[in-house]
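Engineer: Please read through the structure below; I'll follow up with questions.
Every read-out reported here was derived from the displayed coordinates using simple, explicitly stated rules and does not represent laboratory data. Remember, predicted model here, so these are calculated numbers, not experimental data. Here Cβ is always computed from backbone atoms with ideal geometry, including for glycine, and neighbour counts include all displayed protein chains.
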Amino acid sequence: MARYIDPHIHMVSRTTDDYKRMALAGCALVSEPAFWAGFDRSGVEGFRDYFRQLTDFEAKRAGQYGIAHYTWLCINAKEAENVELSREVIAMIPEFLDSPHVLGIGEIGLNKNTRNESTVFLEHLDLAAKTDELILVHTPHLADKYQGTRMILDMLKGDGRIKPERVCIDHVEEHTISLARDAGHWVGMTLYPITKCTPQRAADMVEKYGTERIMVNSAGDWGHSDPLAVPEFIFEMKKRGHSPADIDKVVFQNPLTFFRQCRRFAWQPASD
Ligand SMILES: [Zn+2]
């Protein structure tokens, strides 16, 4: 059984049975970005409670299955249309930045590539720069992805305080992976049953682009998604004859190397 990390999964919307199945499949650690709940929250207190859940309760729940749980905080791009609420949330985030389970600011990004989303994205970047936090970026879906990825990369480049290697651009696909990685960032491929990448396409991209600064995740959430998508990718890579070392680099060492840039991250794998 190969060990793995799922660097992007929304466990608050999954069951304890999923934790157990993930543990049985070799999952050692998950990182959970803050995201849209499926409905807009009514105010900043809704986010405060969500951040308490992410930094405290969820870590304990994962721990019961021997899985380490880390998290990222932000207001997501969908709710960023409400700039006033976004500013209240951004002002509240530092309350949680001492938590040993927080990896940084994320998943920030764009959804429909609007002006308000860009405003809130830039204000998150400012917070990350001032507090020296890692950044996890959500790129838009389907038709908006290429344009949105370009806008995001321009905004990141425009802030001279942000070091490219401290940013992961997530949900990359065939037409955006090089843009993001050539800019010096880490990239995440999201394995999603319908709208995103399949394990086969992800394996194709690793074959084409190599294993440097690249990782895979399930983005499992309350929608149609698969919390065991990373083991599916491992299975596909094994089937194609890739070495255990190459597979381990993509599904374990790479996310670990990225997370180790966070000054609070002290987790050590059992076998190291
Ligand atoms: Zn997500």
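Engineer: In whole Å, what is the distance between the alpha-carbon centres of region 197-268 and region 59-133?
Structural biologist: With region 197-268 and region 59-133 each reduced to a Cα centre, they are spaced 23 Å.
Engineer: Suppose each label sits 7 Å from its Cα in the direction of the beta carbon; what would the Gln64-Val83 distance come out to in nanometres?
Structural biologist: Here the answer is 4.4 nm between the modelled labels.
Engineer: Between Gly106 and residues 5 or more places away or on another chain, which pairs have amide H atoms under 5 Å apart, with H built 1.01 Å from N, and which residues are they?
Structural biologist: Under 5 Å from the amide H of Gly106: Ala34, Leu73, Cys74, Leu136.
Engineer: Size of the dipole of the chain about the Cα centre, Lys and Arg at +1 and Asp and Glu at -1 on the beta carbon, nothing else charged, in debye to 20?
Structural biologist: Here the chain has a charge dipole of around 540 debye.
Engineer: Hey, another quick one. Taking a 27 Å limit on the Cα-Cα distance, which of the listed pairs Lys60/Lys145; Lys78/Lys157; Lys60/Lys157; Lys196/Lys249; Lys112/Lys249 fall beyond it?
Structural biologist: Lys60/Lys145; Lys60/Lys157; Lys112/Lys249
Engineer: Counting other C-beta atoms within 10 Å, and keeping those with at most 11, which DSSP coil trypsin sites (Lys or Arg not before Pro) do you find in region 151-193?
Structural biologist: Arg161
Engineer: Could you work out how much longer the chain between Thr114 and Asp154 gets when fully extended? Use 0.36 nm per residue separation minus the Cα distance between them, nm to one decimal.
Structural biologist: Going from the current span to full extension adds 12.9 nm.
Engineer: Over all directions, average the projected area of the Cα convex hull of region 126-272 and note it in nm².
Structural biologist: 9.5 nm²
Engineer: Now a separate question. Would you mind getting the Kirkwood hydrodynamic radius of region 65-200 from its Cα pairs, rounded to one decimal in Å?
Structural biologist: Evaluated on region 65-200, it is 15.2 Å.
Engineer: Please work out how much length the chain gains when fully extended from Asp17 to Asp56, using 0.36 nm per residue of separation minus the C-alpha to C-alpha distance, in nm with one decimal.
Structural biologist: The span from Asp17 to Asp56 would gain 12.1 nm if fully extended.
Engineer: Put a dot 7 Å past each Cα toward the Cβ at Asp182 and Asp248; how far apart are the dots in nm?
Structural biologist: Distance between the two pseudo-spin positions: 3.3 nm.
Engineer: Please compute the volume of the convex hull spanned by the alpha-carbon atoms of region 4-259 and report it per residue in Å³.
Structural biologist: Residue-normalised Cα hull volume stands at 110 Å³.
Engineer: With a 10 Å cut-off between alpha carbons and a GNM built on the chain, which of Gly210, Gly160, Gly148 moves the most?
Structural biologist: Checking each option, the largest mean-square fluctuation is seen for Gly160.
Engineer: Run lengths n ≥ 4 of DSSP H only: what is the helix-derived mean residue ellipticity at 222 nm for the chain, with -39500 (n - 2.57) per run over all residues, to the nearest 500?
Structural biologist: Only helices count here, giving -11000 deg cm²/dmol.
Engineer: Could you compute Rg(Cα) / (2.2 N^0.38 Å) for region 1-109, with N its residue count?
Structural biologist: For region 1-109, the normalised Cα radius of gyration is 1.09.
Engineer: Full extension from Ala143 to Leu24: what is 0.36 nm times the residue separation minus their Cα-Cα distance, to one decimal in nm?
Structural biologist: Fully extending the segment from Ala143 to Leu24 adds 39.2 nm.
Engineer: Put a dot 7 Å past each Cα toward the Cβ at Lys163 and Asp204; how far apart are the dots in nm?
Structural biologist: Placing both labels 7 Å along Cα→Cβ, they lie 3.6 nm apart.
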